[in-house]
Amino acid sequence: GFGEAAISVSSDPAQLETMSHTVRVAGNVTRALARMQVGSQIALRGPFGSAWPVEACRGCDVIIACGGVGLAPLRPVIYHIINHREAYGRVHLLYGARAPGDLLYTDEYDTWRDADIEVNVTVDLGDADWQGHIGVVPMLFYRLRLSASNTRVLTCGPEIMMRFVIF
């Protein structure tokens, strides 16, 4: 009774017994979801959209560039690459959020690094405890040495970030 919202699957595609979604409370629908109790029922429609082109990335270096909740729909790609690590070249995650408290999946970064994924994180505004990079995701590209002909970029996040990522 609250409407619909497009929410991506954010779980490991190899874990078929469960499907996870990551929801940021931002409006009526997500606020209603956040108030639900375990065991409540919801209706799902889909899938909609298209899959990430992971097969087209095989044999290439991969950059996953995302901002905010845009990491959620790319998390299955990260796990797909981990599960098939030998099929991909260098993998870089370039991820940013407004503030350190907005970063998603922080407890998984070491697992991703252990799987030979270079994890680069930035925030727009650091706090007193933040020791990492401050700035926007496109600025993280300056830290990389890439071969354009052998690199594929997967991106999701704010429109302005994606515009700068593709230029």
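What is the set of long-range amide H partners of residue 10 at a cut-off below 5 Å, with H atoms built 1.01 Å from backbone N?
20, 21, 22
Within the chain, what whole-number % of the accessible surface is contributed by carbon and sulfur, with the 1.4 Å probe and all protein chains included in the calculation?
55 percent
Pull up the DSSP beta bridges for the chain and report the antiparallel fraction as a percent, rounded to 5.
The answer is about 5 percent antiparallel.
Output ³J(HN,Hα) for the stretch 81-96: one whole-Hz value per residue in order, computed from phi by the Karplus curve 6.51 cos²θ - 1.76 cosθ + 1.60 with θ = phi - 60°, and x for Gly and Pro.
Taking θ as phi minus 60°, the curve returns 4, 4, 6, 9, 4, 5, 8, 10, x, 5, 10, 10, 9, 10, 9, x Hz for the stretch 81-96.
What nm distance separates the two modelled labels at residue 4 and residue 128, each placed 7 Å from Cα along Cα→Cβ?
4.7 nm
Normalised by the residues of the chain, what does the relative contact order come to in percent, with Cα pairs under 8 Å and at least six apart?
After rounding, I find 24 percent.
I'd like the FRET efficiency for residue 45 and residue 15, computed as 1/(1 + (r/R0)^6) with the beta carbon distance as r and R0 of 35 Å, rounded to 0.05.
0.95
Taking just the alpha-carbon atoms of the stretch 49-121, what radius of gyration and Dmax come out, in angstrom?
Rg then Dmax for the stretch 49-121, in Å: 11.9, 35.
Hey, what do the phi angles of the stretch 10-24 turn into as Karplus ³J(HN,Hα) couplings, whole Hz, using 6.51/-1.76/1.60 and θ = phi - 60°, x for Gly and Pro?
Whole-Hz 3J(HN,Hα) from phi for the stretch 10-24: 10, 9, 5, x, 7, 8, 6, 6, 9, 10, 10, 10, 10, 10, 9.
Quick check: residue separation of residue 147 and residue 83 times 0.36 nm, minus the Cα distance between them. What number comes out in nm?
Length gained, residue 147 through residue 83: 20.6 nm.
Sorted from largest down, what three extents in whole angstroms do the Cα atoms of the stretch 61-167 have along their principal axes?
40, 31, 23
Could you run the Karplus curve 6.51 cos²θ - 1.76 cosθ + 1.60 with θ = phi - 60° over the stretch 45-50 and give me ³J(HN,Hα) per residue in whole Hz, x for Gly and Pro?
10, x, x, 10, x, 9
Using just the helices of the chain, give the 222 nm mean residue ellipticity in deg cm²/dmol: DSSP H runs with n ≥ 4 each add -39,500 (n - 2.57), and the total is spread over all residues, rounded to 500.
Taking each H run of at least 4 residues, the total per residue is -6500 deg cm²/dmol.
I need the peptides 61-71, 131-141, 94-104, 30-40 ranked by packing, meaning the mean over residues of other C-beta atoms within 10 angstrom, with the highest value on top.
Most protected by this proxy first, the peptides run 61-71, 94-104, 131-141, 30-40.
Give me, ordered by chain and number, the residues 5 or more places off residue 93 or on other chains with an amide H under 5 Å from its own placed amide H.
Distant-sequence amide H within range of residue 93: 64, 118, 119, 120.
The values are calculated or read from the model by the stated rules, or taken from the named source; none is laboratory data. Keep in mind that what you see is a predicted model, and the values were worked out from it rather than measured. Every residue, glycine among them, receives a Cβ derived from its backbone with ideal geometry; neighbour counts consider all protein chains shown. Surface areas here come from the heavy atoms of the whole protein model, side chains and all, with no ligands, DNA or RNA. Shrake-Rupley method; radii C 1.70, N 1.55, O 1.52, S 1.80 Å.
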